[in-house]
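This report concerns only the one structure given below.
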Amino acid sequence: MPKLIKQQEIDLIEKTVSNFVNGATGSELLAQLNGQVHIRTLQRRLAQLIKSGKLRVTGAGKSRRYAIIPAGTETTLKVVANITPDSVPVEYSIPITAEANQVRQYVQQKIQYRQPVAYERSFLENYQPNQTFYLPEAIRKKFSQEGKLDHAFDANSTYTKQILARLLIDLSWNSSRLEGNTYSLLETEHLLVEGKEAEGKNRFETQMILNHKAAINFLASNNKIIDFNAFIILNLHALLADELLGNSAACGRLRSIPVGISRTVYHPPEIPQIIEECFYKILQKASEIKDPFEQAFFSMVHLPYLQPFEDVNKRVSRLAANIPFMKYHLCPLSFIHVPEEAYIEGTLGVYECRRVELLRDVFIFAYERSIKEYAVLQHTLGEPDPFRFRYRQKIKEIVASVVIKKLDKQAAALFIKEWAEHNLSEHDRAEFITVIETELLTLTEGNIARYKLSLAQFSDWQKKWNFF
């Protein structure tokens, strides 16, 4: 029997798996192949088919089954995550394409089943600015229309100061949360606005959030000259990594030592010369990209993939993604409502498969949520927000109930969540919760009249609300 070449083996195995409607075990495939493919070759080829998104895997050990993933369908990623104030779990649905689901199927396997991979320089080299696009044209056009701010991003204007004040809290909290930080949104607001550290949190978590504030202020104050250049990116790292690295000299410097990454079989480059060359190539290509949304997503893909710094690489990429938005007066990206696990899986897809589809769909979800969030703030300076207008009476009632009941942050978050689940459609729940949280954060003696609250009621509630 003539020896099969690699592609013939892959095609034969894929065809054989497709004969099993409910998937097949390795033993069943070996029997069906009837000696045409050796067992170790079969194992390697199955791993390749899984990695390329052609197969999905269920079960483990002898019960492990392989099945074909149908192409051209869209699915929904449902994630229950602690991404509301004070860590009350809420379920979020992220629409993902069939290709993104293929990536997710691969990275969700146990780590021992995933094939170790090294940095592939061609992944960067093959990207041609303004010719290669990770984001679909329809998405880029949609964002360019919906993401426009009503005013230019002028750090001295009242409008920009309000946007920046909200971004400082939202992005500092969400970016830190994606790193496992346990500060709540309300605790983050107290830290950044009033300088109050939350009880029960370690110094590392507090420093991480304060570093985000410093880095965001750095971008805002340099908004007229910010770009993808070494000065901006290295200083972003220095600010985000301040007091968080064992080697303080590594802040704002490209790494010269190997690094390992948890939860992955990916190995970043170790040779300093290659790290430096690729870092500057990333900056060059990013600065050449004309579309701001493609530019933002490109940085989220390639900076973490290279791992140019000893640590804090993903945080740098998330803030760097906001460079074109500040530069071109677009809605900022705050990663609001992005579940940590979805973000991690998307990043692992880049690391291990050099595929951007899952991270792309998470990015699209994240920017859509940011547009909705900052549209609310814009409308407070102009015409009423349609969502708030539709629920205006219920918003007033829920805010008033929280105050009258003297609920603390944990109890309030649970009360709001339970009310939304019992009274609103799944489509409106997350946005309604966000609106109520925002109202509570901005409640003062000067605006309680619109909720028909007395000063005594507000004062009694504040004692409970601000108690840590």
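For segment 154-176: of the residues being at pLDDT below 85 and either among the aliphatic types (A, V, I, L, M) or touching a Lys or Arg at 6+ places or on another chain (Cβ under 8 Å) (or both), which is surrounded by the fewest Cβ atoms within 10 Å (Cβ to Cβ)?
Once the filter is applied, the top-ranked residue is 155.
Does residue 226 satisfy the criteria of being touching a residue at least 40 places away in the same chain (Cβ under 8 Å) and within 21 Å of the chain's Cα centre (by Cα)?
When the stated conditions are applied, residue 226 does not pass them.
Of all the residues that make up segment 94-152, how many are under 22 Å from residue 302 (Cα atoms), among the acidic types (Asp, Glu) and either outside any loop (DSSP other than H, G, I, E, B) or free of Cβ contacts under 8 Å to residues at least 60 places away in the same chain (or both)?
3
If you take just the helices (runs of 4 or more DSSP H) that sit entirely in segment 241-323, which of them hold at least 1 residues that are over 25 Å from residue 370 (Cβ atoms)?
Here the list reads 272-288, 292-306.
When the residues of segment 326-352 are narrowed to those that are within 21 Å of residue 284 (Cβ to Cβ) and either part of a loop (DSSP other than H, G, I, E, B) or modelled with pLDDT of 95 or more (or both), which ends up farthest from the chain's Cα centre (by Cα)?
Residue satisfying both the conditions and the ranking: 328.
Tell me, which residue of segment 404-426 that is assigned to a loop (DSSP other than H, G, I, E, B) and in contact (Cβ under 8 Å) with a residue 40 or more places away in the chain is nearest to the chain's Cα centre (by Cα)?
If we take residues in segment 404-426 being assigned to a loop (DSSP other than H, G, I, E, B) and in contact (Cβ under 8 Å) with a residue 40 or more places away in the chain, then 408 is nearest to the chain's Cα centre (by Cα).
The values are calculated or read from the model by the stated rules, or taken from the named source; none is laboratory data. Small disclaimer: the values here were computed from a predicted structure and weren't measured. Please note: Cβ atoms are built from the backbone with ideal geometry, for glycine as well, and neighbour counts cover all protein chains shown.
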